[in-house]
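Inspection log for the structure reproduced underneath, given as structure tokens.
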Amino acid sequence: MKKNSKLSNLYLALVFLIMYLPILVVVIFSFNNSRLTVSWEGFSLQWYETLFQDDTLMEALVNSLILGVLSCLLSAVIGTLGAVGLSQLHYKSKGLLEYVSLLPLMIPEIILGMVFLAFFSRLNLPFGMVTLLIGHTVFCIPYILMEVKARLVGMDKSLEEAAMDLGASPMRTFFDITLPLIMPAVFSGALLAFAMSMDDVVISVFINGPRLSTLPIRVYTQMKTGVTPEINALCTLMLIASIVILFVYSLVRKLSGRDVSEKKQEI
């Protein structure tokens, strides 16, 4: 039994080593004094200074942040309303609607990008921030919809019923009871959607304009000429940001499972 446990731990350690060793190498060489990524010549922060002085990368970062925030706000509204609407349906077609709402997650990104390209071209819509915003909103909606739908399943329906019995309108019941209870799920889903928006390359390549570039596209084009310490520094900062988002996401998920007894007492 102990032997099997040791083998399992060894196998797990090997898996984690294979997964995270390349990331660790990127982080280490982002502090390398040499421009070459094959030899270590001393500790230096010069590549982080070079990164923040690169106007093209900083402009791409700002574009990605604006795109991520706007797409998350739109998808949060649409996804939340969609999840609430689906939770109130009792038709046989409810399962089909839920399946259709999750299709953007199931369709390969390259297919989705080609569909967006053909659709926007058919509408004669100029490619740029607007097309990127529409495309990112579409594939961000399912993340928020899934989170909110799961929260609604575990929510006590008697809270809404009690509020309406006391004379509250459906609109006020939603804003005073339902929305505060599902807000952690909306926030956690928005964080996940923001991370996916910041990470997207394939769909953005198809619907991006010639005068606009997002951070993932800029990094992808620069890596065609080789990995530089500047890109390593950028990847390190993005890794730190991803860890922070993951930590906040986990914290919000824990808060979303809190006891709703306070709401019951208010009612």
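Points worth noting:
- Shape parameters for region 164-212, alpha-carbon atoms, Rg then Dmax in Å: 18.6, 57
- For region 88-203, the per residue solvent-accessible surface stands at 55 Å², with DNA, RNA and ligands left out and a 1.4 Å probe.
- Highest mobility in the GNM of the chain, judged by mean-square fluctuation with C-alpha springs under 10 Å and restricted to P142, P184, P108, is found for P108.
- Rolling a 1.4 Å probe over the protein heavy atoms of the chain, with every protein chain left in place, gives an accessible area that is 69 percent carbon and sulfur.
- Estimated 222 nm signal from helices in the chain, with DSSP H stretches of n ≥ 4 weighted -39500 (n - 2.57), rounded to 500: -24500 deg cm²/dmol
- GNM top mover of E98, E109, E160 - the chain, alpha-carbon springs below 10 Å: E160
- Taking the chain as a Gaussian network of alpha-carbon nodes connected by springs under 10 Å, the highest mean-square fluctuation of the residues S75, S121, S158 belongs to S158.
- Neighbour-limited loop hits for chymotrypsin sites (Phe, Trp or Tyr not before Pro), region 43-100 (at most 14 other Cβ within 10 Å; DSSP other than H, G, I, E, B): Y91
- When +1 charges are put on Lys and Arg Cβ atoms and -1 charges on Asp and Glu Cβ atoms, the dipole computed for the chain relative to its Cα centre reaches about 780 debye.
- Here the label points at M223 and L70, each 7 Å from Cα along the C-beta direction, are separated by 2.6 nm in the simple model.
- Region 76-198 - Rg and Dmax from Cα coordinates, angstrom: 16.9, 52
- Within straight-line reach of K254, meaning a Cα separation under 20 Å, sit the following aspartates and glutamates at least 8 residues removed in sequence or on another chain: E147, D156, E262.
- Helix axis angle, 55-87 relative to the chain longest principal axis, alpha carbon, degrees: 20
- Loop exposure criterion: trypsin sites (Lys or Arg not before Pro), DSSP state outside H, G, I, E and B, at most 12 other Cβ atoms within 10 Å. Applied to the chain, the longest stretch between such sites is 93-210.
The values are calculated or read from the model by the stated rules, or taken from the named source; none is laboratory data. From a predicted model like this one, the values you see are computed outputs, not experimental measurements. No Cβ is skipped: glycine too gets one built from the backbone with ideal geometry, and neighbour counts run over all protein chains shown. These area figures cover heavy atoms from the full protein model, side chains too; ligands, DNA and RNA do not enter into them. Shrake-Rupley method; radii C 1.70, N 1.55, O 1.52, S 1.80 Å.
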